[in-house]
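> This is the structure, below, for whatever I ask next.
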4 protein chains.
Amino acid sequence: MARPKSDDRRNAILSAATRIIAIEGLSAATAAIAKEAGIPNGSLFTYFETKADLLNQLYVELKTEMAAAALERLPLASDIHTQMRHMWFHSLRWATSYPEKRRTLAHLAVSEDITPDSRQKGHQTMVGIAKLLEQSRQNGPMHDVPLALVAALMSAMADATIDFMTQDPAHADKHATAAFDAMWRMLT
Amino acid sequence: MARPKSDDRRNAILSAATRIIAIEGLSAATAAIAKEAGIPNGSLFTYFETKADLLNQLYVELKTEMAAAALERLPLASDIHTQMRHMWFHSLRWATSYPEKRRTLAHLAVSEDITPDSRQKGHQTMVGIAKLLEQSRQNGPMHDVPLALVAALMSAMADATIDFMTQDPAHADKHATAAFDAMWRMLT
Amino acid sequence: MARPKSDDRRNAILSAATRIIAIEGLSAATAAIAKEAGIPNGSLFTYFETKADLLNQLYVELKTEMAAAALERLPLASDIHTQMRHMWFHSLRWATSYPEKRRTLAHLAVSEDITPDSRQKGHQTMVGIAKLLEQSRQNGPMHDVPLALVAALMSAMADATIDFMTQDPAHADKHATAAFDAMWRMLT
Amino acid sequence: MARPKSDDRRNAILSAATRIIAIEGLSAATAAIAKEAGIPNGSLFTYFETKADLLNQLYVELKTEMAAAALERLPLASDIHTQMRHMWFHSLRWATSYPEKRRTLAHLAVSEDITPDSRQKGHQTMVGIAKLLEQSRQNGPMHDVPLALVAALMSAMADATIDFMTQDPAHADKHATAAFDAMWRMLT
DNA sequence: AATGAATGAGACTTCATTCAT
DNA sequence: TATGAATGAAGTCTCATTCAT
């Protein structure tokens, strides 16, 4: 290999895209992303064939990171309520700590450019969370509702909570707690 | 400036925009919308000063329609659980009956072009629903959580449910019921 | 109609394209053509949907003009040899009088962008010439060769002759005569 | 600079270029040619300084091959009519046997990138054919027409015939014969 | 008021060639 | 010498908005 493709550059592009899209939305120009990444115009296309390709890879990347953050240091020895609580707060902390990532992920999630395949990959990243959820609802009223629906409801609640926390950061923790309790009531 | 002559044309544009945006997203060209509406491209700007203006008006319109649909024929004489159930199913039916409207509304909701003022108006349309919600949570565990958070949670749950119903229409009613019950547990 | 599409502008574009393509070949930029035509960049696409569209229309236009020139003031009362001679010399005169048109037509003729439909239209313009040819070969050795092949041979000979005349204009007439006589021997 | 090491690679590039240009035209990317040749894109420029250089060498190569094919196994002992006939059919067979070579050669022949020097070399390859032609017309009506014009006429006729044979392969031989006879009438 | 042609900035992407490895 | 990533100018086409008619 002459000059290997640089992971640093790829990451610089992804990271620049996250920042720019958070501000400008999906109509952000590839040239703006390249500039923010400190690389020339055409080099972006060495790493991503098309803008849509960049968007899809960014989507999967951010989804993966979010899921990983949610399960970080999960207290496997504790009871399920504690584990869920841990997961809930870690998710919310990630989202409020990296508002650009979350905002960009929200943009990507509704984009026509994200392929079914990428959405599938995005789903895959959530299997760890799904397992927790499965245990949580085991003996509860939702035990025979499709797990995907339960997951979608929980995820939607988390999203709504994050929005609220972002708007009213002074009481972020209180909101997070109230929403978790609500979610737990839903499940059990 | 007096209102332009033809309300028909205005509505034709709004309706065309709903259809086109559902398919092409917010990057739909104004010329495409005009064509779908059967009017010359320049005439669109007689009715809406800018594309952003069109988008904002469409947002408010759709929000209003959705809220109205939710409260249609509300059984005011019945107990609150019955009323909420009614509202929930009417919301979901509207969304599944007019998938283009819902899809376009989802696009608009995340657009940078929608002004705070329009969002405010969108909120206003939901006061009827908020009142129901206020009553529902009155003696329950969420009685001192900000009503806006409760509303956001419910709304997010409804959205997630609609997505699910759309993907699996055969069991739409079952999903709607399961989700309503979940929401009611959250509240009470 | 607000402002009718201007035939002048369309012709200016076609004419500019002829000039530019003669010099730069088919890789001539649409921007260069627009500039030569004295119109802004984007306006070219008001008259021609794509560059390929412009190329196709130009092809048909030039073919038509060439065929018309060949048959101009055809001495219908004279014998067929005289008529053919007239046609031959008029064709060659047109080509040598408008070298840019001919050069551009030559470029277009081998372009991948010219559709079968345009080529068909190009052929149609030559039916008048084909009729002359039909008469000419009537009792000759080529009377049962496909007319299209005879036409292709004659046309190829004319082309080769034009090239030669252009390279050696001092003896243009002599070459034209020699080639006509050769062609006539072929036919009769 | 000594000739680069691998003639195989050079030939692989030339052959790949022939295939790709036949399909995509002269706008074929050097990277596409390299890929078709199974070599890295940068290596192409070890063998050819520029794309134009590659094109010029390919032009001369194909011209040479075509001329060689025309004169292969020429029956020197036979009379001139037989020799010409042989040459004519061999030319046509080569062109119909290697349609990609012929198509690419046609593209190259009209390219602005082919230098006068290359065209000159291309001409040189045809001296053998020219000699045949010289003999053929010796006592005929074209004996004092510039030989180059006669050659151009014959060559144009062959080209037109090949096109026709390609379009209607079922009667290829019949067309080839008819055209040869026509050409012979022109000459004698 | 209504029309639709006109505008030109800017979008994405390609590509011949160079050069670090 | 061989490689293939890097470059950035240039290409085609789109589009919201304006304005002559």
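> Those residues that are open to solvent by 20 Å² or more (accessible area, probe 1.4 Å), within 9 Å of the chain's Cα centre (by Cα) and hydrophobic (A, V, I, L, M, F, W, C), I need them from the stretch A:101-122; list them, please.
A:A106
> Going by the conditions given, is A:S155 farther than 14 Å from A:M87 by Cα, within 12 Å of another protein chain (Cβ to nearest Cβ) and crowded, with 16+ Cβ neighbours inside 10 Å?
no
> From the list D:D163, D:D168, exactly one residue is within 9 Å of another protein chain (Cβ to nearest Cβ), farther than 19 Å from C:I162 by Cβ and surrounded by fewer than 22 Cβ atoms within 10 Å (Cβ to Cβ). Which is it?
Going through D:D163, D:D168 in turn, the sole match is D:D168.
> From the residues in the stretch A:25-58 that are within 9 Å of DNA strand E (Cβ to nearest atom) and in contact with an Asp or Glu (Cβ under 8 Å, 6 or more places away or on another chain), which one is farthest from A:E112 (Cα to Cα)?
Out of the qualifying residues, it is A:A32.
> Does the stretch C:112-130 hold any residues that are over 12 Å from C:L58 (Cα atoms) and within 13 Å of chain D (Cβ to nearest Cβ), and which are they?
Scanning the stretch C:112-130 gives C:E112, C:P116, C:H123.
> Can you tell me how many residues in the stretch B:25-82 are surrounded by fewer than 20 Cβ atoms within 10 Å (Cβ to Cβ), more than 14 Å from every other protein chain (Cβ to nearest Cβ) and among the polar types (S, T, N, Q)?
Within the stretch B:25-82, residues that are surrounded by fewer than 20 Cβ atoms within 10 Å (Cβ to Cβ), more than 14 Å from every other protein chain (Cβ to nearest Cβ) and among the polar types (S, T, N, Q) number 6.
> Next question. Could you list, in sequence order, all residues of the stretch B:171-188 that are closer than 20 Å to B:E72 by Cα and open to solvent by 50 Å² or more (accessible area, probe 1.4 Å)? Even if it seems obvious, please write down each step before you answer.
Taking the stretch B:171-188 and keeping what is closer than 20 Å to B:E72 by Cα, we get B:173, B:176-177, B:180.
Selection gives B:D173 alone.
> OK, next. Of all residues being more than 10 Å from every other protein chain (Cβ to nearest Cβ) and surrounded by fewer than 14 Cβ atoms within 10 Å (Cβ to Cβ) in the stretch C:136-152, which is modelled with the highest pLDDT? Just the residue, please.
The residue in question is C:H143.
> Determine which single condition B:Y98 fails, assuming it passes every other condition in (1) within 9 Å of chain A (Cβ to nearest Cβ); (2) free of Cβ contacts under 8 Å to residues at least 12 places away in the same chain; (3) surrounded by 15 or more Cβ atoms within 10 Å (Cβ to Cβ).
B:Y98 satisfies every listed condition except (1).
> Same structure again: For the stretch A:1-24: of the residues being surrounded by fewer than 18 Cβ atoms within 10 Å (Cβ to Cβ) and within 14 Å of chain B (Cβ to nearest Cβ), which is nearest to the chain's Cα centre (by Cα)?
Selected residue: A:I23.
> When you scan the stretch C:13-25, how many residues do you find that are at pLDDT 95 or above, more than 14 Å from C:F48 (Cα to Cα) and within 11 Å of DNA strand F (Cβ to nearest atom)?
Going through the stretch C:13-25 one residue at a time, the tally reaches 2.
> Please list, ordered by first then second residue, the pairs with beta carbon atoms under 7 Å, 6 or more apart or interchain, first in the stretch A:24-49 and aliphatic (A, V, I, L, M), second within 7 Å of DNA strand E (Cβ to nearest atom) and open to solvent by 50 Å² or more (accessible area, probe 1.4 Å).
A:A31/A:N41; A:A34/A:N41
> While we're looking at this one, here's another question. Just one of the numbered conditions (1) away from DNA strand E (no atom under 16 Å from the Cβ); (2) away from chain B (no Cβ under 11 Å) is not true of A:T104; which one?
If we test A:T104 against (1) away from DNA strand E (no atom under 16 Å from the Cβ); (2) away from chain B (no Cβ under 11 Å), just (1) comes out false.
> Taking the criterion of being more than 28 Å from C:D163 (Cα to Cα) and away from DNA strand F (no atom under 13 Å from the Cβ), would at least one residue in the stretch C:4-12 satisfy it?
Yes; the residues of the stretch C:4-12 include at least one that is more than 28 Å from C:D163 (Cα to Cα) and away from DNA strand F (no atom under 13 Å from the Cβ).
The values are calculated or read from the model by the stated rules, or taken from the named source; none is laboratory data. None of the values given here were measured: they were computed from a predicted structure. Positions of Cβ are generated from backbone atoms using ideal geometry, with glycine treated the same way; all protein chains shown enter the neighbour counts. All accessible areas refer to the heavy atoms of the entire protein, side chains included, with ligands and DNA or RNA removed. Shrake-Rupley method; radii C 1.70, N 1.55, O 1.52, S 1.80 Å.
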